[in-house]
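The values are calculated or read from the model by the stated rules, or taken from the named source; none is laboratory data. All values derive from a computational prediction rather than experimental measurement. Neighbour counts are summed over all protein chains in view; Cβ atoms, including those assigned to glycine, are modelled from backbone coordinates with ideal geometry. Just so you know, the surface numbers come from the protein's heavy atoms only, side chains and all, with ligands and any DNA or RNA stripped out. Shrake-Rupley method; radii C 1.70, N 1.55, O 1.52, S 1.80 Å.
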Amino acid sequence: MANRWTYKKFTLVSIALISVIGFIATAATLAYIVPGLPSVEALKDVQLQVPLRVFSKDGKLIAEFGEKKRAPIKIDDAPKKLIEAILAAEDSRFYVHPGVDYQGLLRAVFQLIRTGEKAQGGSTITMQVARNFFLSREKTYFRKLSEILLALKIERELSKNNILELYLNKMYMGKRAYGVNAAAQVYYGKKIDELTVPQLAMLAGLYKAPSAYNPIINPERAVLRRNYVLGRMHKLGYIDDSQYELAINEGYTAELHSLAVEVKAPYVAEMARAEAIRLYGTDAYTTGYRLFTTIDSEMQIAANNALHKALLAYDLRHGYRGPEAHVSLPDDATVSADATISDDAATIEGEEDKEKIKVWREALEGLNAGGSLYLALVIAAEERNITVYEKTSRQIIPIYWEGLKWARPYINENRTGVAPSVASDIVKVGDIVLIQKMQKKASAENSSPQAWRLSQIPSVEGALVSINPQNGAINAVVGGFEYNRSKFNRVTQAERQPGSNFKPFIYSGALEHGYTPATLINDAPVVFDDPGLEDEWRPENYSGKFFGPTRLRQGLIKSRNLISIRLLRAIGIRTALKHVSKFGFNTQHLPRDLSLALGSGSITPIELATGYAVFANGGYRVKPYLVERIETKEGEILMEATPATVCRECEATLLKATNKKIIYDLNKEFIAYKDELAGPIPFPVPDIIADRAITPQNNYLMTSMMQDVIRSGTARRARQLGRGDIAGKTGTTNDQRDAWFSGFNPNIVATTWIGFDKPKPLGNKETGSAAALPMWIDFMRDALINYPEKNFEQPEGLVTVRIDPDSGLLASANNRNAIFETFREGNAPNRRSDSVPTDNEFDTTANTGEMGETGEEHLF
């Protein structure tokens, strides 16, 4: 008995001692851990890393920048089935336990005792939030205890829904996606509320291991995990038997999706990104700023389409350079063209075709198209049609002769080979080619509508920029055919010679110095011995012909080079440079010789568009800008643009108050006189008033001359728009290396350019009117839809008289060829054409040189 009592006593003492030691150890551990636990306050105002998003002015998404893809969602907006799927997969007792599921912990402890191995499980959603926000992922008992204590602390200070909302948005879901909303976009290309139950279950399954169960990397394991989650949902009563059966049998639908961009404008996106980084540094990538640009989404789409169409049309004119690549296909990986020609496109889904599809997809793997083109593999070829397998849609598509016959072999920019007579002259089975959609039309050889054309990525490049002339807001930017092939933004970075596109600025300078649209200039051969030029210079017109005395208006309409050169020499290069600087041009980039008259300087498309904006808005100087405003993710405005804006009422009020005829520094003068203006101002006044660049009279005369460029000059093709309120000028440089058109109406300015990145001839007849003007027409056709025709207003100080078109003088009463011309008051001719002319009346430069033996005039 004594021994038994002694043993019991020893046992009790030992237990008590162990308990005391355990209590002391636990107390010490808690005393050590608890003070070091992070404050939960950080979770109450957590700042999730949200990427920078760029939008059009009408709120359509253009791009997203940031390492982490995240689109936070409120718990109230989360689909019920998503919550149920997550609870089923991760923590079915979430709304019951206090942050720690003791049942799960006991199971984990029992597993450890039974096997000696640490087991997964026991981590509640709250514990995962604690670990993800505050703790490392190392698997130690100390970290686990910290996690438990922190979870209990979180549960005391945050509601269950607050915790679950953090869980929905914070956790990594693979492929740079953080949170379920971003994951829905990445894996399914949809918003979270658009997903089916199996898709929601797939996302819920990612929480355990986003790499191991990733539906892109490990689709088989991902489906097993999805089915496990669906089974748990069924067991917990979240879905019934029929829903479970449908869900478990749903096919695999996950694919990698890029961001759901609503407006394709990658060059705009890069410009906006650079501006955000300039303003806010790299924090812009993570703070969720929303950058709203000035881009008009409809105009941007029109610009994309116009540029692609123009560059592809250039390629059609110059021949086919051949397929992108070629692969050898086994005989059983081809199809009979006759079997597929009956439809525009047919999907291959039969079991017997799976091996063919696999071969075709492998052949196209890693290759991509560009712009509006599609990548395809030629799988059958008949006499006058081919059949291709298109990569994106995974369809077989017939291409008829109408879409093939253009493909003469390319030889050089001026020559193509013999026209093909059969499809095998162009491509063969196994060729990897590019195709494009065509407007459907009936073919003479085939009753089926023609939908596709063989195509190729253009070797030539292009640019299109449009701005609002009233304040400089950029409407649209396309800096090249395909951003992923070339990130060089030709709108802002390509400094090219504008050619005749620059002439209006020289003509404007001439009008400012006494010339009129009716002034006669001699269009005759001339040789310049200019110290600024290395050799004698014999410029000539594009046609190679000379037309004698010509009115200024006609000289611009027909783009006569000799007239521009004589004008520049007459007014002086220094005077001309000073005048063109009023249009915003950096004169340091312009030549100081007579080649300036032919646009030999280096100018970007956006600089040209800015210059033409002066003509479009009535003579005011505006600066182009892209960023309208920047907001926080909560909607607080951080930055808002204050562009110089045209204010005609401001100018009229100021002129009346000061009794002046012209004021150039409108903003400065208006600020000075604002307090002296009688009574309240009855019109809106912009923060900054655009200053005047040229006189209203000069501007109107130049605009009317450029309207005639479209009515009867080098841009006659633009008459198809059927509008009287458009004006512009073509431009072509030496050897047709650059083709331009800049044009406008009172609401929109647009400049288009086509050329090679490494300058070389575009080819004979590839002038501004042939290559660049069609792009402008296609853009303006869509851009002007919402703008009713609006005539350019004629200012005071102008008179219109009848003149003789040959002499530029007043027309006699019986002159049947007389035309009307507009002049500044005091500049109209005061003699009739039948009177005796004075010496050299038609040409102010006629006596500045001497005639050579060849009949050319030498000017020094």
Inset, instruction - Provide the per residue accessible area, probe 1.4 Å, for the stretch 216-301, rounded to a whole number of square angstrom. - result: 52 Å²
Inset, instruction - With a probe of 1.4 Å, find how much accessible area the stretch 392-513 has per residue, and write the answer as a whole number in Å². - result: 37 Å²
Inset, instruction - Keeping all protein chains in position, work out how much accessible area Met171 exposes to a 1.4 Å probe, and write it in Å² to the nearest 10. - result: 20 Å²
Inset, instruction - Distance from a point 7 Å along Cα→Cβ of Lys68 to each backbone N in the stretch 247-288: keep the residues under 15 Å and list them by number. - result: 283-288
Inset, instruction - Give a quick list of GluC sites (Glu not before Pro) in the stretch 520-628 that DSSP marks as loop, anything other than H, G, I, E or B, with at most 13 other Cβ atoms within 10 Å. - result: Glu534, Glu536, Glu540
Inset, instruction - Return the loop-located trypsin sites (Lys or Arg not before Pro) in the stretch 510-598 (DSSP other than H, G, I, E, B) with at most 15 other Cβ atoms within 10 Å of their own Cβ; answer none if there are none. - result: Lys545, Arg592
Legend entry - Residues Lys765 and Arg629, FRET efficiency given R0 of 56 Å [Cβ-Cβ distance, rounded to 0.05]: 0.75
Legend entry - Efficiency of FRET between Lys354 and Thr196 - r from beta-carbon atoms, R0 25 angstrom, step 0.05: 0.50
Inset, instruction - Evaluate the Debye formula for the stretch 655-731 with equal point scatterers sitting on the alpha carbons, no solvent, and hand back log10 of I(q)/I(0) at q = 0.16, 0.26 Å⁻¹, in q order, two decimals. - result: -0.74, -1.19
Inset, instruction - Please work out whether the stretch 622-680 counts as rounded, prolate or oblate from its C-alpha gyration tensor, where a ≥ b ≥ c are the square roots of the eigenvalues and a/c under 1.5 means rounded, while otherwise a/b larger than b/c means prolate and anything else oblate? - result: prolate
Legend entry - Estimated FRET transfer efficiency when R0 is 30 angstrom, pair Lys80-Asp58 (beta carbons, to 0.05): 0.35
Legend entry - Accessible area of the stretch 563-608 divided out per residue, in Å², using a probe of 1.4 angstrom: 33 Å²
Legend entry - DSSP-loop chymotrypsin sites (Phe, Trp or Tyr not before Pro) across the stretch 661-766, with at most 16 other Cβ within 10 angstrom: Tyr664, Phe756
Legend entry - Overall dimensions of the stretch 554-665 by Cα: Rg and Dmax, Å: 18.9, 61
Inset, instruction - Go through the stretch 485-495 residue by residue and turn each phi into a ³J(HN,Hα) via Karplus (6.51, -1.76, 1.60, θ = phi - 60°); whole Hz please, and just put x for glycine and proline. - result: 8, 8, 8, 5, 8, 5, 5, 10, 10, 7, 8
Inset, instruction - Let me know the shape class of the stretch 154-219, please: from the alpha-carbon gyration tensor, a ≥ b ≥ c as square roots of the eigenvalues, rounded when a/c is under 1.5, otherwise prolate if a/b is greater than b/c, or oblate. - result: prolate
Legend entry - the stretch 651-706-the stretch 499-514 distance, computed between alpha-carbon centres (Å): 23 Å
Inset, instruction - Just the number, please: carbon plus sulfur as a percent of the accessible area of the stretch 635-675, 1.4 Å probe, no ligands or DNA/RNA counted. - result: 49 percent
Inset, instruction - Between Asn830 and Glu540, with labels modelled 7 Å along Cα→Cβ, what's the label distance in nm to one decimal, could you check? - result: 4.2 nm
Legend entry - Pairwise label distance in nanometres, Lys235 with Asn412, each label 7 Å out on the Cα-Cβ vector: 7.8 nm
Legend entry - Equivalent ellipsoid dimensions for the stretch 486-577 as semi-axes, Å, which come from the Cα gyration tensor, largest first: 24, 17, 15
Legend entry - Cut-off under 5 Å, modelled amide H: who pairs with Val526 long-range: Glu857
Inset, instruction - Could you check the simple spin-label distance between Ile248 and Glu382, using points 7 Å along Cα→Cβ, in nm with one decimal? - result: 4.8 nm
